[in-house]
Amino acid sequence: MSAMPRRTQGVVLVHSASKAMTLHVEWAIGSILGSQPTVDWTPQPALPGTLRCELSWTGEIGTGARIASALRGWDGLRYEVTEEPSPTCDGSRWQYTPSLGLTHFPTSTNGDIYISENRLREILDVSMGYPDAVIDMIGEQLGDDYDAELETFRHAGEGAPVRWLHKVG
């Protein structure tokens with residue numbers, strides 16, 4: 001008897017893509033999901049001439065990482081991918097911007113980024129007790145630079161579709 005695949009779900013938020021890039025994004029995501037997604041692209045007011053979309057997905061654990069990696073490095077693309085926690089795995093969030101590259105954050109059941117005990121100890125050791133250094137290093141671990149760059153794109157303007165988070169529990 002074969003084991004059931006471990007499944008989870010998540011969301012892809014493409015914050016900005018050129019019109020020429022949209023079909024390539026859909027193809028890349030579809031090749032990972034095993035079927036072409038139906039994507040509703042809308043104008044991105046934060047960067048005229050670009051489009052944005054939100055796409056929910058369901059797949060095996062690790063699908064979020066595969067999607068984030070497949071889209072990495074595309075010129076002008078900005079995106080976030082989330083993967084919800086499952087009974088056997090923590091959740092994850094990946095963020096990509098052209099200037100900062102790709103990063104990954106482990107997330108808790110409610111979606112908060114968490115920092116491991118060992119990383120916190122390292123921050124305290126490296127900061128040598130300087131409060132400003134501790135604050136800066138924790139901010140780096142929480143993705144403050146990514147949030148600062150993506151926040152404008154997240155607020156897509158009036159009439160943008162609202163994506164409700166999946167129910168936890």
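Restricting region 50-65 to residues that are of a type in the set (A, V, I, L, M) and more than 22 Å from Leu23 (Cβ to Cβ), which is farthest from the chain's Cα centre (by Cα)? Write out each step before concluding.
First pass over region 50-65, keeping only residues of a type in the set (A, V, I, L, M): 51, 55, 61, 65.
Now narrow it down to the ones that are more than 22 Å from Leu23 (Cβ to Cβ): 61, 65.
Working: Ile61: 15, Ala65: 9 Å.
Among them, the one singled out is Ile61.
Within region 127-135, is there a residue that is under 18 Å from the mean Cα position of the chain (by Cα) and either free of Cβ contacts under 8 Å to residues at least 12 places away in the same chain or on the phi > 0 side of the Ramachandran plot (or both)? If you could, list the steps in order and put the result at the bottom.
Of all residues in region 127-135, those under 18 Å from the mean Cα position of the chain (by Cα) come to none.
No, there is no match, as no residue in region 127-135 is under 18 Å from the mean Cα position of the chain (by Cα) and either free of Cβ contacts under 8 Å to residues at least 12 places away in the same chain or on the phi > 0 side of the Ramachandran plot (or both).
Bear in mind that the values in this text are calculations on the coordinates, not laboratory data. All of these numbers come straight from a predicted model, not from anything done at the bench. Note that each Cβ is placed from the backbone with ideal geometry, even for glycine, and that neighbours are counted across all protein chains shown.
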